[in-house]
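The values are calculated or read from the model by the stated rules, or taken from the named source; none is laboratory data. What you see is a predicted model; the values in this text were computed from it and never measured. Positions of Cβ are generated from backbone atoms using ideal geometry, with glycine treated the same way; all protein chains shown enter the neighbour counts. The accessibility values were calculated without ligands, DNA or RNA, using every heavy atom of the protein model including side chains. Shrake-Rupley method; radii C 1.70, N 1.55, O 1.52, S 1.80 Å.
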Amino acid sequence: MTQYQAPKGVSEYFPPRSLAFEWVRETLVAPAKLAGYNLLELPIFEDTELFTRGVGASTDVVSKEMYTFEDRGGRSITLRPEGTVGALRAIIEHNLDRASLPVKIWYAGAFFRAERPQAGRYRQFYSVGIEAVGSDDPALDAEVISIAYEGFKNLGLKKFRLEITSLGDRQSRAAHRIDLLKYISTLDLDESTKERVKLNPLRIFDDKRPQVRLQMQEAPKLLDYLSDESRVHFETVQKYLQALHIEFEINPRMVRGLDYYTGTTFEFVHDLLGAQSGIGGGGRYDGLMEEIGGQPLTGIGFGLGIDRALLAVEAEGLQPSTPTHSDLYLIALGEMAKVQALITAQNVKSEGISVEIAFGEKVLKNAMKRADKNGAPFVVILGDSELSTGSVELKEMKTGTTFSVTLSSLPQALRQALDGR
RNA sequence: GUGGGCGUAGCUCAGCUGGUAGAGCACUCGGUUGUGGUCCGAGAUGUCGCGGGUUCGAGCCCCGUCGCUCACCCCA
């Protein structure tokens, strides 16, 4: 065993898998950019209170999963467990919500939760998120959902589902809560579950244990308590999704782990991932801006798990579209040739062609083997004869054919050859 | 925080009822001078996670410990 190991439960990506990770991240971000969302680069830590206020003290995330520490000034700092609250804080702090609404931003990066790791669950994980603040138009809900949907679809994923529900507005939930508590009080539950119910009775819908699920079969569902306004909003969102040919199922038992969600709420689940099947989720948060000191603006957003999306991609046997090799492999024989190789590589790269130089190779045969392993479609050898004539053989590895080009015209010749393949 | 499984070469793993370690892949070199893929040959590689115990002797048995992993709780 090596002396130093990465901290427990972190996900690390190195070649070649890091290329797939990068591709997943960019693919998930792309639809947001196309819809006019712009980058918001955020700190990875915030004042602890921001999360306890925003995410909600009753949540597991806040009550037992935060990486919290004291900085040198005695302030309580927490590594961000999710992205929405920090994004809204930045929007408020920098008055981004004074411009035309809705404010539409995206972000990507690491998040932290101090949980016991398992398949698809890490202590440091990566998400892509978007937030749209300042509009309660149901069309915005549909857009946000469609952006996530397009991202997963563009990865090539097939075996994922979209589940949606509405958590209603304040009135809807107050009415439901009374009946739900009444129902729950008749159930036979263990102590820790009763405690959870006290904090947020909706949580019990998420319990996976059969003895609890069974008892919850007949529980009153929030969807049946929606106010007229909430119900119309939810129905309109559904209508839009249908128009976009985005398939979904309504899951009245869906509960999100964060307290701020209201109204439209959704989750993307993948069928091949085991216990941690959620690859993304989000929803409206109509009281959150005010909660953390901003204007009373409504908003909606999502977080998509890059780690889990990558696992899903691999589970479906999909390949990233980005190649792991360079366009050209450049072999230099001798000291003089090495200088020329560096210069040639510079010229080739200026044409936007990727090139790798064979470093430290003395034997041509071995250099060729390496070229083959690299997978580059073209190879050029630079030796004494090439230096004296100023012309090189450009070899296409797949066919084994070579053609002679002058060093100065190599970038253009390569461009042609690559385009012609 | 609770429970199950597992820790042997860079990777995937084998190692029978205890006798101080092996395979495949990968890697390095070679199969006559500057041309790869296949094939053949040669080579390097391990404190068998760590500590203790039982034993003449432990990779194998016992205890502890650390780590990884899967699941529960919960979530991306």
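Tabulated values for the structure
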| quantity | calculated |
| --- | --- |
| FRET efficiency, 1/(1 + (r/R0)^6) with R0 22 Å, evaluated for A:ASP271 and A:LEU199 via beta carbons | 0.10 |
| Rel. contact order, % - alpha carbon contacts under 8 angstrom, at least six apart, chain A | 17 |
| FRET efficiency, A:SER388 to A:ALA110 (Cβ-Cβ, R0 56 Å, nearest 0.05) | 0.55 |
| Chain A: angle of helix A:138-154 to the longest principal axis, Cα-based, in degrees nearest 10 | 40 |
| Counting DSSP beta bridges with both ends in the stretch A:328-419, the antiparallel % (nearest 5) | 45 |
| Among the listed pairs A:LYS198/A:LYS239; A:LYS8/A:LYS158; A:LYS153/A:LYS398; A:LYS64/A:LYS182; A:LYS369/A:LYS398, those beyond 24 Å (Cα-Cα) | A:LYS198/A:LYS239; A:LYS8/A:LYS158; A:LYS153/A:LYS398; A:LYS64/A:LYS182 |
| Summed side-chain charge close to A:SER277 - residues other than A:SER277 whose Cβ falls under 12 Å, Lys, Arg +1, Asp, Glu -1 | +2 |
| Charge context of A:ILE77, other residues only, Cβ under 11 angstrom, K/R +1, D/E -1 | -2 |
| C-alpha long axis of helix A:17-34 to longest principal axis of chain A, angle in ° | 60 |
| The stretch A:27-70, accessible surface, carbon-and-sulfur percent (1.4 angstrom probe) | 54 |
| Mean ellipticity per residue at 222 nm, deg cm²/dmol - from DSSP H runs of n ≥ 4 across chain A, formula -39500 (n - 2.57) | -11500 deg cm²/dmol |
| Amide H within-cut-off set for A:SER354, under 5 Å, with H built and near neighbours excluded | A:ASP327, A:LEU328 |
| Full-stretch length increase - A:HIS245, A:PHE69 - with 0.36 nm per residue and alpha-carbon distance subtracted | 58.7 nm |
| 3J(HN,Hα) from dihedral phi, the stretch A:244-257, Karplus parametrisation 6.51/-1.76/1.60, rounded to Hz, x for glycine, proline | 8, 6, 9, 6, 8, 10, 8, 10, x, 9, 5, 10, 9, x |
| Whole-number accessible area per residue in Å² for chain A, which is evaluated in the context of all protein chains at 1.4 Å | 51 |
| Surface share of carbon and sulfur [accessible, 1.4 angstrom probe, percent] for the stretch A:265-413 | 52 |
